[in-house]
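Take a look at the structure set out below.
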Amino acid sequence: MKARVFSGVQPSGNLHIGNYLGALKNWVEIQENYESIWGIVDLHAVTVYQEPAELRSKILETAALFLAVGIDPKQSSIVAQSAVPAHTELAWLLTCVTPVGWLERMTQYKAKSQAQETIGDGLLQYPVLMAADILIYQAAIVPVGDDQAQHLELTRDIAQRFNSLYGDTFTMPATHLPAVGARVMGLDDPEKKMSKSATGTGHAIGLLDPIDQVRKKIMRATTDSQPAVDCDTMGAGVANLLNIFQAFGGWTAEKMQAHFSGMRYGDLKKQVAEMVIAKLEPLQTRYYEIMAEPGYVSGVLNHGAERVSPIANSTVQLVKERMGLYTGA
Ligand code: TRP
């Protein structure tokens, strides 16, 4: 039997090439080796206010992007988290074994709550819901970016605590960090990881950005005061452009060095732009084809929820039995 893998992204904001190279591309590559479940974690998105109509369309857009990048709904289950109510039920049960102190220590909580005047309780509970997403499928591995590593540690702590209180129930999920080079930085500020929420127009390249905009953003990317590529002394901006080219093109380090050493930044940017565009164009074509087919994306989501619900429900049933809750008869 194949081991199970789960990961998820929020349907907020447009997915960008950092999400693709750091997560989605990897999901596509590993989907056939695991029993794969990929979540659109809309319940996490509403920990901060979302305009309802916008959220509704973002969920479908995110699912269509999963399909457009090559997640195969025959091999993988694509699931909207809110379509499987057992996630929420398990989250409550796990909340009851989670000390508040563990949650208050989370760096993402500290950062997000500082920016808010009133802090929704959901923001504090966020990591418990995330633990539920993973543990409900008894996932063996969870591919995430390094910014989520602390949440995965907490997931294991919660699982361990539950197991020691009520007996062995949950599989310990392993964190699966992306390969080196999968970390894409902002084009305008190469010291910061490319982010969905950054506001600068030159910061991120959205997977659905119009092609002429993609070219413009790359041509305007921050470099450094040198005129041409020198692999020993280059700054973070040039390294980021090379990294993006290499990640899309799949070139070896030797080939990269031989090809780009001494190349003037203007030419480097042109070549990076052409590489990125060559990958995004077919992806965008597929995306718009998928979106043009009425009912297709929601059909994939409904099918995904149907397929994974028995797994999720049986985990919740087991947890309730272990805890002594009423499970009928
Ligand atoms: N917190 C994750 C993020 O912001 C999203 C997420 C929610 C997730 N539940 C998950 C990731 C379960 C992996 C597994 O990126």
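The values are calculated or read from the model by the stated rules, or taken from the named source; none is laboratory data. None of the values given here were measured: they were computed from a predicted structure. Note that we place each Cβ from the backbone using ideal geometry, even for glycine, and neighbour counts take in every protein chain shown.
Evaluating VAL229 against the criteria (1) among the β-branched types (Val, Ile, Thr); (2) away from the ligand (no atom under 14 Å from the Cβ); (3) surrounded by fewer than 20 Cβ atoms within 10 Å (Cβ to Cβ) leaves one unmet condition, (3).
Working only within segment 295-327, note down all residues that are small (Gly, Ala, Ser), within 24 Å of PRO11 (Cβ to Cβ) and in a helix (DSSP H, G or I).
Taking segment 295-327 and keeping what is small (Gly, Ala, Ser), we get 295, 298-299, 304-305, 309, 312, 314, 324.
Applying the additional criterion that residues be within 24 Å of PRO11 (Cβ to Cβ) yields 295, 298-299, 304-305, 309, 312.
Passing the criteria: SER298, GLY299, GLY304, ALA305, SER309, ALA312.
Residues that are in contact (Cβ under 8 Å) with a residue 60 or more places away in the chain, more than 26 Å from CYS96 (Cβ to Cβ) and buried (at least 18 other Cβ atoms within 10 Å of the Cβ) occur at least once in segment 186-194.
Please work out if ALA68 is crowded, with 17+ Cβ neighbours inside 10 Å, over 19 Å from ARG4 (Cα atoms) and touching a residue at least 40 places away in the same chain (Cβ under 8 Å). Judged against the criteria, ALA68 is a match. Here is a check on your reading of the model: is ASP121 exposed (fewer than 15 other Cβ atoms within 10 Å of the Cβ), among the charged types (D, E, K, R) and within 15 Å of the ligand (Cβ to nearest atom)? It is false that ASP121 is exposed (fewer than 15 other Cβ atoms within 10 Å of the Cβ), among the charged types (D, E, K, R) and within 15 Å of the ligand (Cβ to nearest atom). Do the conditions hold for PRO190, that is, is it within 12 Å of the ligand (Cβ to nearest atom) and out of contact with any Cys (no Cβ under 6 Å at 6 or more places or on another chain)? So PRO190 fails the test. Listed residues ALA111, ALA131; which is under 21 Å from the mean Cα position of the chain (by Cα), in the same structural domain as ILE78 (by TED's automatic domain parsing) and at pLDDT 95 or above? It is ALA131.
Go through segment 1-48 residue by residue and tally those that are in a strand (DSSP E or B) and either free of Cβ contacts under 8 Å to residues at least 12 places away in the same chain or away from the ligand (no atom under 11 Å from the Cβ) (or both).
Total meeting the criteria: 4.
Of all the criteria given as (1) over 28 Å from LEU67 (Cβ atoms); (2) over 24 Å from the mean Cα position of the chain (by Cα); (3) of a type outside the set (Asp, Glu), the one not satisfied by LEU242 is (2). The criterion of being within 30 Å of ARG286 (Cβ to Cβ), of a type in the set (S, T, N, Q), in the same structural domain as LEU165 (by TED's automatic domain parsing) and out of contact with any His (no Cβ under 9 Å at 6 or more places or on another chain) holds for SER76.
Give the residues of segment 1-22 that are of a type in the set (A, V, I, L, M) and closer than 19 Å to LEU301 by Cβ, sorted by residue number. Break it down into steps so the answer makes sense when it comes.
Let us first name the residues in segment 1-22 that are of a type in the set (A, V, I, L, M), namely 1, 3, 5, 9, 15, 17, 21.
If the condition is that a residue be of a type in the set (A, V, I, L, M) and closer than 19 Å to LEU301 by Cβ, then VAL5, VAL9, LEU15 are the ones that fit.
I'd like to verify a number: residues in segment 126-182 that are among the β-branched types (Val, Ile, Thr), within 12 Å of the ligand (Cβ to nearest atom) and touching a helix residue (DSSP H, G or I) at 6+ places or on another chain (Cβ under 7 Å), how many? Break it down stepwise before answering.
Restricting attention to segment 126-182, the residues satisfying the condition of being among the β-branched types (Val, Ile, Thr) are 128, 134, 136, 141-142, 144, 155, 158, 169, 171, 175, 180.
Of the ones still in play, those that are also within 12 Å of the ligand (Cβ to nearest atom) are 128, 134, 136, 141-142, 144, 155, 175.
Retained after the next criterion (residues that are touching a helix residue (DSSP H, G or I) at 6+ places or on another chain (Cβ under 7 Å)): 128, 134, 136, 142, 144, 155, 175.
Total satisfying the criteria: 7.
For segment 49-94, the tally of residues that are within 13 Å of the ligand (Cβ to nearest atom), under 18 Å from the mean Cα position of the chain (by Cα) and outside any helix (DSSP H, G or I) stands at 2. For segment 105-115, a residue qualifies if it is free of Cβ contacts under 8 Å to residues at least 40 places away in the same chain and polar (S, T, N, Q), and the qualifying residues are SER113, GLN114.
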